[in-house]
Structure formats: structure tokens, C-alpha cells
Amino acid sequence: MAQSIEKSQAVDIRVAGVTKEFGDLAALHDVHLDVRPGELLALLGPSGSGKTTLLRTIAGLVQADRGQVLFGGLDATHLPVQKRQVGFVFQHYALFKHMSVADNIAYGLQVRERAKRPSRAEIRRRTSELLDLVQLSGYENRFPAQLSGGQRQRVALARALAVEPRVLLLDEPFGALDAKVRKDLRAWLRDIHERTGKTTVFVTHDQDEALELADRVAVLNLGRLEQVGTPDEVQDQPATPFVMTFLGQATRFAADIRDGKVLVNERGVRADARDLAAGKASLYCRPWHLRPTPAGQGNFQGIVSGTRRLGSIRRIEVSGDDGTRLEVEIPLEANLQPGEQIGLEILDGVVFPDHWTPR
Amino acid sequence: MSDLSATLPLSPPSQLSVVTEKRLIRQLAITVALAFLLLFLVLPLIVVFVEAFKRGLAGYFAAFQEEDALSAIGLTLTVAAIAVPLNLVFGLTASWAIAKFEFKGKSLLITLIDLPFSVSPVVSGLIYLLLFGAQGLWGKWLMAQGIQIAFALPGIVLATIFVTFPFVARQLIPLMQEQGTAEEEAALTLGASGWRTFFTVTLPNIKWGLLYGVLLCNARAMGEFGAVSVVSGHIRGLTNTIPLHVEILYNEYNFVAAFAVASLLACLALITLALKSFLEWRHGADLAGGTVN
């Protein structure tokens with residue numbers, strides 16, 4: 001790889017107490033976030049959670065009402081977007097439709113003031129190098145309209161990388177692509193990230209994408225940061241009920257905490273009570289935290305109302321006697337038929353006290 | 001079932017019948033439309049040229065030898081040369097502001113831009129007279145400064161600008177709204193200045209729409225009668241534009257000259273129409289704001 005695409009010194013990003021008030025949902029409330037140098041971080045949340053607003057605030061496309069944004073320890077809060085040296089990839093690519101692929105990629109170099117602008121030959125060399133990196137050599141003279149969605153996305157990334165940004169910011173990079181292309185591009189983005197070593201933040205509403213791709217995941221909800229952690233941490237030790245339910249199928253059981261033990265329907269559960277005070281609580285369980293037992297045993301009674309085969313496991317739907325519906329994962333060989341009366345034993349789960357308020 | 005179907009009329013479902021209208025009705029509609037076009041648009045146009053050439057080529061060109069005619073043509077060109085570029089800038093700025101920014105009073109601005117379309121040109125001409133005329137609001141002060149606006153070129157230009165203001169803005173606002181701000185934001189993140197972004201990203205995206213708007217604006221600027229008629233004062237050889245000159249010639253029963261000069265405007269209309277059709281045919285998607293991305 002040539003020099004310009006070689007690993008550069010990665011910088012960290014610090015978001016300190018950023019607040020942005022809008023009339024609508026996509027506001028931010030006192031968000032603190034540290035992105036480590038060279039890290040690939042996902043901003044994950046449902047629509048309206050403020051994840052795109054946070055990304056745009058880091059880029060300088062949105063001005064925060066309060067708080068700071070720092071790159072490598074330097075305050076960038078009042079730097080205009082042009083001076084922040086961020087590579088931004090837009091959700092719908094935002095390629096310049098009247099320019100060829102090569103001109104799109106070269107744009108950031110062409111608009112530099114004369115003293116800082118590389119020579120024509122140098123620009124051409126860099127452009128072809130980047131085309132090579134995004135596997136689009138030979139597409140120089142195509143126009144955006146002549147490219148597929150995945151190709152446009154790659155041109156957008158090459159264009160963002162051309163200016164040697166300090167950090168790379170991607171807004172729903174795969175949002176507009178079909179499932180197959182998404183999967184291919186994920187692996188490819190991971191690869192590019194490893195090769196360039198740039199601190200990268202990407203926004204997504206797809207938890208699989210975030211968990212598969214990112215070093216760490218920041219989960220946002222209603223403009224607040226709920227948790228930041230590695231994929232393992234956010235999945236195994238969710239900090240809030242929202243993180244628990246957003247990251248996968250979860251069933252809530254009303255539970256009681258007594259003497260440091262978790263009880264569901266007066267039967268003990270092995271889940272960690274985490275030094276919670278005695279009282280009412282909620283127990284959240286993944287499908288694999290539940291095990292079918294003969295009727296009358298376990299914490300929960302119900303009727304099998306449906307079964308589905310998912311690869312190497314079977315997922316059954318259980319209608320509880322109390323009217324709830326929940327899903328349980330069982331081995332393929334377990335033979336449970338719809339209509340069967342069963343019990344469920346809760347093997348594990350995450351407990352949150354009721355009237356939970358996020359920090 | 002059998003007795004039910006017997007009562008149903010034997011016609012295709014109602015959604016289909018909309019497009020499979022009876023042939024007779026279809027042909028009738030087309031004939032009526034074509035007859036109207038012929039009678040009210042094509043025929044008058046032919047009459048203009050027939051009347052203009054009634055005394056042959058010599059008679060036709062004699063109309064343009066006259067000094068007053070030449071000065072009218074000159075004045076019309078001057079007015080268009082000032083009003084159209086100004087409206088280009090105004091229209092561009094207004095649509096930029098409306099399409100790319102959120103601000104209070106935006107919908108009021110959009111309504112105001114359309115005002116010249118809903119106000120009679122004669123009324124708008126009168127407004128300028130009331131403001132700038134000798135008896136008008138600012139007339140005395142302007143007179144004292146030696147500035148003449150009413151019954152002079154500035155008044156005619158002002159009235160023309162007012163009447164033709166919506167053309168460029170009307171064309172660009174939907175186009176720019178449709179295109180959104182993503183490309184501009186991309187240019188900014190790549191380090192381009194605001195001006196640079198405008199000239200390298202925004203302008204190329206709207207150039208055909210802009211040209212279209214300018215074309216219509218120019219046609220109207222040259223052909224405007226009502227507003228200009230009020231503010232110009234009809235001073236021969238001084239404040240008469242082509243449309244006013246045509247009227248004067250006609251009122252003097254100088255039909256051949258009147259139609260000859262009118263044929264200039266007719267030609268302008270035909271050229272505008274041709275260019276307009278060409279733009280629509282060649283760059284239709286760019287005019288309607290069709291997104292390629």
C-alpha cells in the first residue's frame with residue numbers, strides 16, 4: 001500500500017456533556033462519550049434516539065447548545081466543519097451526481113487552497129490508489145447514476161478518505177443496501193478500518209451490524225447514552241432494561257427480591273441480584289435463559305402455541321396462563337408439539353429494580 | 001350466484017373503465033382540445049404574420065426603419081438586460097434561503113414570491129406610480145434629488161422586475177428542496193468553502209432549471225404590457241417598449257407596422273417555446289428535480 005493510505009496516527013474523540021435541543025425527538029441530553037484512538041465504535045439506537053445528531057455534532061454539521069467535542073485533546077467545538085478534517089460518509093452517499101467517480105474522489109483535494117493542493121499528477125495518483133483500495137479500479141469515468149448502491153457507498157468512502165481525515169464518521173453506512181450487499185460490505189469495512197487504522201464511528205439501528213462490526217458499542221435512547229461497552233459487555237451486562245430489550249429478544253418477568261435472592265412466582269431464580277434492595281423488580285430473560293420442564297414445575301406455566309426451526313435450534317412460542325407470550329429456544333431433538341402444556345424454568349436473566357431511572 | 005350475476009351490468013370493473021373510455025368520447029375530447037388550440041393559439045399567431053407581410057417584405061421592414069420602433073426595441077432589450085440578471089440573483093437567493101434553511105416566516109416568503117402572479121400587472125404598475133410618481137410618497141424627495149423613476153427607465157425596470165420575479169424562484173424552489181442539502185454538506189466536510197460549494201455543487205445541480213426559469217423570465221420581461229404601460233407614461237421614442245409601441249401603431253391604424261413589430265414578440269415567443277421544449281426533452285429529470293443518487 002502506498003504512503004497516503006498507510007496507517008496514520010489515530011486520534012481519540014471526546015464528547016463532553018453535549019446537549020442539543022430540538023423541537024423534536026432527535027435531541028441530545030448531556031452526552032459524554034470517549035472514542036479511543038483507532039477504535040471502531042458503533043452508535044446504536046432506534047430512530048429518534050439522537051445517534052445521527054451525535055455523529056453530526058462530532059462532524060461539525062450540527063452545533064451543540066452546550067458541551068465540547070475534542071479531537072486528540074484539541075478543542076474542536078468551535079471549529080467550522082471545513083476545518084475539522086473529518087471524513088463523513090452520508091447515509092444516501094451524497095455523491096456529486098454531475099461529477100465522475102474520479103472527480104468525486106478528488107474533490108476534497110481540488111478545493112484546497114493552492115499552497116496545500118497536491119499537483120495534478122499527485123491527485124490522479126491518490127485517486128487511483130483509493131479506487132484500488134475500494135476495489136473500483138476502472139470505474140474512474142463512470143457517473144454515480146451508473147453505479148450500484150454498494151459501489152456508490154464505496155466511492156463515498158474513498159472520497160472521505162482522500163482528504164486524509166483525522167477521524168472517519170459514517171451515518172448508517174449500509175442502511176440503503178440489501179441484505180447480501182450489507183454482509184459483504186461489513187467485512188470489507190472492517191478490513192479497511194484495520195488497514196487505515198483511523199478512529200471510526202458509525203451509526204446504525206441494526207444491532208447485529210453493531211455487534212458484529214464494532215470494537216465497542218454505544219447504545220442511545222431518547223437522546224441519552226444508555227451504555228458504552230464491548231459487544232460482550234452490552235450483551236452480558238446490559239446497564240439498563242432498554243439495552244437489554246434493544247439488543248435482542250427479551251422476556252420480562254415480574255420478580256421479587258428477598259434476602260438477596262430473585263424470586264419469580266415465589267420460586268428462586270439463579271440470576272444475580274446484584275446487591276439490589278428487597279422489593280419489586282423485573283427479570284429480563286433471553287430465549288436461551290428458559291428451559292421447558294414438565295407441566296407444574298418451574299417458574300412459569302403455559303401452552304406451546306407455535307414452533308419455528310431456526311438453523312441449529314428450535315424456537316417455541318409459549319402462551320402463559322397469565323396471558324403473556326414468550327419465546328424459548330430448545331434443542332432440535334426436543335419434541336414439543338403445539339397445544340402441549342409445559343412449565344418453564346428460568347436458568348438465568350438480568351434483574352433491574354422497578355421504577356428504574358437511567359443515570 | 002346465477003341470479004346475482006344476471007342483475008349486474010356487463011361492463012368491466014370501474015377502475016378499468018376510467019382508462020378504457022369509449023372511443024367516441026376519447027376522440028371527441030381530443031378534437032375539442034385541438035380545435036381550441038387551433039382557434040385561439042395557432043390562428044392568431046398566423047394572423048400576426050399574415051398581417052405583417054400584407055404589403056410584402058418592403059412594407060414589413062419599413063416598420064423597423066422608423067426611429068421610434070428602433071428606440072422601442074432598444075428600450076425593451078435594455079430593460080430585459082437589467083431586469084433578468086437581477087431576477088436571476090434575487091430568485092437564486094430566495095430559493096436558496098427557502099430550500100436550504102429553516103427560519104421563521106418562510107411560508108410567508110413563499111406566498112410573497114407568488115404575489116406578482118396574483119396581482120394584476122396594472123395594479124403593480126400603479127403601486128410604483130404611487131411610490132415614485134411626482135405626487136407619490138417619495139416623489140417629491142426624489143424630484144429634489146434630481147432622480148426620475150416614474151415615466152423613465154428605472155420605473156420600467158422596477159415594474160418589470162416585480163412582474164417577472166416569480167419565474168426563477170418558482171422553478172428553483174421545488175428543485176432545490178428535492179435535492180436537499182446532503183451534497184452541500186459533503187462538500188463542506190471535504191473542506192470546501194461556502195462559495196466553492198455553491199459554484200461546484202449547488203449551481204451545476206440546478207443549472208438547467210435555472211436556465212429554464214431565466215428563459216421564461218426573459219420572455220415575460222420583454223412582453224410585459226400592463227405594469228410597464230402604467231409607469232412608462234407612453235413617451236414616444238423615450239419610454240415606449242415593444243408592446244407599448246405595438247399598441248400605439250395599432251391605435252393609429254398603422255396595422256402593417258403594428259403587426260410587423262408584434263411579429264418580433266411572436267418570434268421571441270416561438271424561440272422561447274422551442275428552447276423550453278428542448279430543455280424539457282433533453283434535461284427533463286434535472287428540471288423536475290429527479291434524483292439520480
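The values are calculated or read from the model by the stated rules, or taken from the named source; none is laboratory data. Everything numeric here is computed off the predicted structure, so don't read it as measured data. Virtual Cβ from ideal backbone geometry, glycine too; neighbours counted across all protein chains shown. Surface areas here come from the heavy atoms of the whole protein model, side chains and all, with no ligands, DNA or RNA. Shrake-Rupley method; radii C 1.70, N 1.55, O 1.52, S 1.80 Å.
At-a-glance table
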| item | result |
| --- | --- |
| Filtered residues of segment B:95-134 (kept if touching a residue at least 12 places away in the same chain (Cβ under 8 Å), over 14 Å from B:PHE162 (Cα atoms) and assigned to a helix (DSSP H, G or I)) | B:SER95, B:TRP96, B:ALA97, B:ILE98, B:ALA99, B:LYS100, B:LEU109, B:ILE110, B:PHE132 |
| Residue list for segment A:154-172, restricted to those being open to solvent by less than 10 Å² (accessible area, probe 1.4 Å) and either assigned to a helix (DSSP H, G or I) or more than 14 Å from every other protein chain (Cβ to nearest Cβ) (or both) | A:VAL155, A:ALA156, A:LEU157, A:ALA158, A:ARG159, A:ALA160, A:ALA162 |
| Top-ranked residue in segment B:151-165 [being open to solvent by less than 10 Å² (accessible area, probe 1.4 Å) and aliphatic (A, V, I, L, M); ranked as farthest from the chain's Cα centre (by Cα)] | B:ILE156 |
| Identity of the residue in segment A:135-153, of a type in the set (A, V, I, L, M) and in contact with a helix residue (DSSP H, G or I) (Cβ under 8 Å, 6 or more places away or on another chain), that ends up farthest from the other protein chains (Cβ to nearest Cβ) | A:LEU136 |
| Residue among A:PHE246, A:PHE242, A:PHE202 that alone is aromatic (Phe, Trp, Tyr) and within 23 Å of A:ARG14 (Cα to Cα) | A:PHE202 |
| Counted residues, segment A:11-54 - those being of a type in the set (A, V, I, L, M, F, W, C) and assigned to a strand (DSSP E or B) | 13 |
| Options B:VAL201, B:VAL214, B:VAL168: the member that is part of a helix (DSSP H, G or I), open to solvent by less than 10 Å² (accessible area, probe 1.4 Å) and out of contact with any Asp or Glu (no Cβ under 8 Å at 6 or more places or on another chain) | B:VAL168 |
| Top-ranked residue in segment B:40-60 [being in contact with a helix residue (DSSP H, G or I) (Cβ under 8 Å, 6 or more places away or on another chain) and aromatic (Phe, Trp, Tyr); ranked as surrounded by the most Cβ atoms within 10 Å (Cβ to Cβ)] | B:TYR60 |
| Pick from segment A:78-87, criterion in a loop (DSSP other than H, G, I, E, B) and open to solvent by 10 Å² or more (accessible area, probe 1.4 Å), ranking: farthest from the other protein chains (Cβ to nearest Cβ) | A:HIS78 |
| Test: B:ALA134 is within 26 Å of B:LEU244 (Cα to Cα) and open to solvent by less than 40 Å² (accessible area, probe 1.4 Å) | no |
| Pick from segment A:304-335, criterion part of a loop (DSSP other than H, G, I, E, B) and in contact with a Lys or Arg (Cβ under 8 Å, 6 or more places away or on another chain), ranking: most open to solvent (accessible area, probe 1.4 Å) | A:LEU332 |
| Leading residue by the ranking (nearest to the other protein chains (Cβ to nearest Cβ)) among those in segment A:94-104 that are open to solvent by less than 30 Å² (accessible area, probe 1.4 Å) and more than 10 Å from A:ARG159 (Cα to Cα) | A:ALA94 |
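Yes/no matrix, rows are residues, columns are (1) open to solvent by 10 Å² or more (accessible area, probe 1.4 Å); (2) more than 14 Å from chain B (Cβ to nearest Cβ); (3) more than 21 Å from the chain's Cα centre (by Cα):
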site	(1), (2), (3)
A:ALA64	yes, yes, yes
A:LEU70	yes, yes, yes
A:ALA76	no, no, yes
A:VAL89	no, no, no
